[in-house]
Amino acid sequence: MEPVISREPVISVTNLSKTYQNGARALDDVSLKVQPGEIFCLLGPNGAGKTTLVRILATQLLPSAGKVSVLGQDAIAHPELIREDMAIVPQEGRPGQDLNAWDYVYWYLRARGMVAREAAARTEATLKEMGLWEIRRTMTAKLSGGLRRRVLIAMAVATGAKLLFLDEPTVGLDPEARVATWDLIARLRKQATVVLTTHLMDEVEALADRIGILAQGRLVAMGTARELSRFVPSKTKVVLGEGLELPWLAARGEVAVRGRQVAVYPFDEAATREIIDRASSNGVSFAVAAVGLEDVYLRVVKEHGEVVAS
């Protein structure tokens, strides 16, 4: 398949809001653009509005206000013009257990209106590309959770869609299956633009070209991982075990209590040395590490009133 070469945004959202009939406001004045060929990751706590946003972009749900352009078309007025060129892997989606991998992919393509010869050719090519060819005749009931999830992604990839929505694609997978799925998703940018939602920071760091963070229905931060690092005042952190007084630490940096550990973002190098020296002299375990995306995420959502489990 040819790479996406259009320079126009694949997705353009302006002042998007969604309020449900019970009064719950899921999205509040969201504006964003997704560029062709990129993997755009949406982060946010449960209930932040990620799945609602994906469903609106995928023309499964109407917004309460705002404008949505997808693949150059008005997604609200003319959803039928873009559905053929998109595919979605829902968060809770799983292939059933009564067919094999070949049948699931092939008949999904046929259901979308593809002629038999093309559906067969695409099924074969996709299963081979995704490492599923050898198990194509195995009933999905006998496959691991990771392989079943990969079959579901194969159904979307085989469509040749220009835009793919993956809502928490590795949820419930073991580490080995997650890494294999990441490799697959990374290769998808050769043929499509990908919008991905996840809770996993290592997943975002492995895949994302750009990141959007949602909190209480608002898009509160957006950019590359490097650009988002500006939200944390320090380039390094000191992670400590229990034993040092929090007020003393707070005088030397920003403090975040996370379970039985304390993360301190020192104000300067002198403060870092002070913290390390005091920890050493008091027998408190410590580690100095670079600030990562998880630190950015926790700080941003805390600033916007979200409760995030540590």
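Each reported figure results from applying straightforward, stated rules to the coordinates on display, with no laboratory input. Being a predicted model, the structure only gives us computed values, none of them experimental. Neighbour counts are summed over all protein chains in view; Cβ atoms, including those assigned to glycine, are modelled from backbone coordinates with ideal geometry.
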**Prompt:** Where does helix 116-129 land angle-wise versus the long Cα axis of the chain, in degrees 0 to 90, nearest 10?
**Reply:** 30
**Request:** Assuming R0 = 35 Å, can you tell me the calculated FRET efficiency for the pair residue 251 and residue 209, based on Cβ-Cβ distance, to the nearest 0.05?
**Result:** 0.35
**Prompt:** How much net charge surrounds residue 109 when only the other residues with a Cβ under 10 Å from the Cβ of residue 109 are counted, with Lys and Arg +1 and Asp and Glu -1?
**Reply:** +2
**Asked** Can you pull the Kirkwood radius for the chain, inverse mean 1/r over Cα pairs, to one decimal in Å?
**Response** 21.4
**Prompt:** Which of rounded, prolate, oblate describes the range 46-170, given a ≥ b ≥ c as roots of the alpha-carbon gyration tensor eigenvalues and a/c under 1.5 marking rounded, otherwise prolate only if a/b is larger than b/c?
**Reply:** oblate
**Request:** Divide the volume of the convex hull of the Cα atoms of the range 207-267 by its number of residues and quote the answer in cubic angstrom per residue.
**Result:** 123
**Request:** In a Gaussian network model over the chain where Cα atoms closer than 10 Å are linked, find which of 144, 31, 281 has the largest mean-square fluctuation.
**Result:** 281
**Asked** Of 282, 46, 22, which is the most mobile in a GNM of the chain whose springs link Cα atoms less than 10 angstrom apart?
**Response** 22
**Request:** Return the ratio Rg/(2.2 N^0.38 Å) for the range 233-291, where Rg is computed over Cα atoms only.
**Result:** 0.95
**Request:** Using only Cα atoms, tell me the angle between helix 101-111 and the longest principal axis of the chain; keep it within 0 to 90° and round to the nearest 10.
**Result:** 70
**Item:** Scattering profile of the range 168-305 at q = 0.14, 0.16, 0.21 Å⁻¹ [log10 I(q)/I(0), Debye over alpha-carbon scatterers]
**Value:** -0.76, -0.91, -1.20
**Item:** Burial order of peptide ranges 283-291, 161-169, 13-21 (average beta-carbon count within 10 Å, highest first)
**Value:** 161-169, 13-21, 283-291
